[in-house]
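Reading through the structure tokens given below for one structure.
The values are calculated or read from the model by the stated rules, or taken from the named source; none is laboratory data. None of the values given here were measured: they were computed from a predicted structure. So basically every Cβ, Gly included, is an ideal-geometry build from the backbone, and we count neighbours across all protein chains shown.
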Amino acid sequence: MRRFQNIVYVSDGVHDEIDGLKQALSLARNNNAHLKVLVIYPELPSTLTAYRANLEQALSQQVQASIQSAQTALLAGATPARVTVVMISNSTPATLAIQHVLRDGHDLLIKAASRHEPDTGFEASDMDLLRKCPCPVWLCRPIACSRNEIHVAVAIDADSTEPAAQDLALQLLQVSRSLADSWSGKLSIISCWDFPYEDYLTNHPFINIPQEDVQRSVTTAEQEHRAALSALLQHSGIGGLWQEHNVRGAPEKRIPECLHASQVDILVMGTVARTGIPGFIMGNTAENVVQHIDCSLLAMKPAGFVSPVKAY
């Protein structure tokens with residue numbers, strides 16, 4: 001199932017991005033898609049403008065060498081992806097990258113995750129892309145295993161009844177299935193549920209609810225969650241094999257734990273936002289989850305999302 005046809009990879013042209021380029025080239029090849037490498041380098045001070053041509057030439061040579069190295073590192077004999085390189089200087093790389101998405105109709109933006117200490121979460125420029133970019137954003141971290149061992153996971157909200165959230169969940173399932181099939185075929189589906197009133201209702205001295213009634217409510221909540229997830233899976237039409245993780249607890253804690261325990265390489269998840277209103281960008285739950293993961297991330301927004309960034 002081909003999903004992405006017009007991909008842009010954002011680079012600063014300076015750091016070693018072989019791992020990110022390998023993921024971008026592999027995805028472009030699997031989708032028979034065009035890949036644009038957008039090199040956004042810092043603006044030179046006025047005292048050094050005479051050297052701009054030299055800088056661009058050096059950066060261009062480095063980027064081309066990195067692309068060639070990444071192509072070589074992929075499977076021998078495979079048809080290379082179609083690649084063009086665009087270079088531009090700018091002081092606000094995240095905004096410029098989003099403007100290219102808006103103007104050129106890119107359906108996926110890929111970028112190597114900025115180095116971050118500790119090795120979880122994302123820096124401010126990457127968070128800007130997650131919050132404001134209208135198309136899916138793929139933030140790459142190094143993947144040590146071979147393509148035949150890559151483990152994809154998808155985190156979905158099975159309990160939301162809002163049409164936009166349900167549509168997004170279906171897209172997440174379908175895209176994650178497609179990604180898993182293009183690599184190892186290994187897919188984990190993570191969905192969290194909870195019954196936050198259990199301790200309060202059980203331990204409050206003035207609420208005399210029998211324990212068995214509280215437990216019955218907990219069991220009902222879990223059963224309703226599993227039924228909602230099952231309905232989404234059936235509606236999505238995805239095939240193949242997958243492993244379900246119905247975990248109880250807060251997503252920002254339980255999802256990273258599940259990813260680490262299952263040794264996931266790529267997480268697909270939604271950044272829940274109000275649609276059609278610029279400025280309502282990213283839900284608190286999504287913010288908290290992405291700041292505690294250490295794998296690559298493919299983040300998608302619901303249909304109708306409006307970026308606060310303008311094309312010009």
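Looking across segment 18-50 at every residue that is modelled with pLDDT under 85 and in contact with a strand residue (DSSP E or B) (Cβ under 8 Å, 6 or more places away or on another chain), the one that is farthest from Pro80 (Cα to Cα) is identified as Leu44. Against the numbered list (1) farther than 12 Å from Ala158 by Cβ; (2) loosely packed, with under 15 Cβ neighbours inside 10 Å, Glu224 comes up short only at (1). The strands (runs of 3 or more DSSP E) falling completely within segment 137-237 that include 1 or more residues that are over 17 Å from Leu27 (Cβ atoms) and in the same structural domain as Phe305 (by TED's automatic domain parsing) map to 151-155, 186-193. Within segment 42-89, the residues that satisfy the criterion of being polar (S, T, N, Q), under 24 Å from Ser146 (Cβ atoms) and free of Cβ contacts under 8 Å to residues at least 24 places away in the same chain are Gln68, Thr72.
Restricting Ser125, Ser89 to those that are under 20 Å from His292 (Cα atoms) and in contact with a Pro (Cβ under 7 Å, 6 or more places away or on another chain) reduces the list to Ser125. Contact map, segment 252-270: first residue of a type in the set (Asp, Glu), second residue assigned to a helix (DSSP H, G or I), Cβ cut-off under 7 Å, separation 6 or more or different chains; pairs are Glu252/Thr285; Glu252/Asn288; Glu252/Val289. If you go through segment 253-265 and pick out every residue that is surrounded by 18 or more Cβ atoms within 10 Å (Cβ to Cβ) and either more than 19 Å from the chain's Cα centre (by Cα) or part of a helix (DSSP H, G or I) (or both), you end up with 5.
Of the residues making up segment 193-205, one or more are touching a residue at least 24 places away in the same chain (Cβ under 8 Å), among the hydrophobic types (A, V, I, L, M, F, W, C) and surrounded by 19 or more Cβ atoms within 10 Å (Cβ to Cβ).
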